[in-house]
Every structure is written in C-alpha cells, then in structure tokens.
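Only one structure is covered here, and it is reproduced in the block below.
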Amino acid sequence: MVRYYIAGGIVAVSIIIYALIQCILSDARRVRSISKPAWILAIVLLPLVGALLWFWLGRPISGPRPAVASASGYDAPGRPTAPDDDDAFLRNLERQRELKKREEELKRREEELKKREGESGTDPDSPSTGDTTK
C-alpha cells in the first residue's frame, strides 16, 4: 500500500514539474485564461490542482501559429524574419525601384529637351508670332 502512495507522489510531482517547466517556457502572449505569472503561482501554490488547470485552461493551443504580417519585419511576436521573407518589405522595395526608375527617366527627358532647346536657340516658353521677317 505504501508503494502506491510513493508511486502516486512521484507521478504527482512529475506532473507539477512538467507543468511548471512548460508554463515557464511558453510565450506569455499565447497563454490562455490568466497571465503567465498567475499560472506559475497557481501551479506552485495549488500543486496538483494548479498543474491540471494549467493543462486544461492555460496552456497555449498547439498547432500552427498564425503569422502576423507587419511592415516591421516580424512574422511572429519577438521573431524577426529575413527581409526577403517579408512580402510587405519586398512590395515596398519594388515600389521604390519603380519610382527611382521613373525619376531617372524624367531627368533624362528633361536634359534631352534642354539640349534640343539649346541647339535650336528658341525658348519654348516664349510666345512665338510665326513671323521672323521685318
């Protein structure tokens, strides 16, 4: 009979330690019901009941984490991604390239227009009468 109490005690302590470690290692933003420090206190102060409640009500739901799309370069809270993995960053980079290309094309055309105006000797902004003879 004493062996069953010892075995039950070892199982209970194992469950409590496992719950405490899992609670400590879990992300605070994904913990359900109450805050992470409150769960740690519940597991420590209500040994077996707190651990079982943690598994039932507090543990983050397993499965794929939803990705958080943001322009700050983070796919999940606290985990930065490489810039080439961020779609918003790549779209912004492509827009900047297009704008730069348009500005360069505009400058090239303006210089070409100024060069043509300099060769012809006429000012396109001045009104022309069409009659050059007197």
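Across region 80-102, the qualifying residues are those that are surrounded by 10 or more Cβ atoms within 10 Å (Cβ to Cβ) and not in a helix (DSSP H, G or I), and the one among them that is modelled with the highest pLDDT is 86. For region 32-53, filtered to residues that are over 14 Å from residue 14 (Cα atoms) and over 26 Å from the mean Cα position of the chain (by Cα), the residue that is surrounded by the most Cβ atoms within 10 Å (Cβ to Cβ) is 39. Number of residues in region 14-31 that are assigned to a helix (DSSP H, G or I), surrounded by 10 or more Cβ atoms within 10 Å (Cβ to Cβ) and without any contact (Cβ under 8 Å) to a residue 24 or more places away in the chain equals 4.
All conditions but one from (1) in the same structural domain as residue 15 (by TED's automatic domain parsing); (2) within 32 Å of the chain's Cα centre (by Cα); (3) at pLDDT below 90 apply to residue 77; the one that does not is (1).
The values are calculated or read from the model by the stated rules, or taken from the named source; none is laboratory data. Because the structure is a prediction, the values reported are computed rather than measured. Counting neighbours? That spans all protein chains shown, and the Cβs are built from the backbone with ideal geometry, glycine included.
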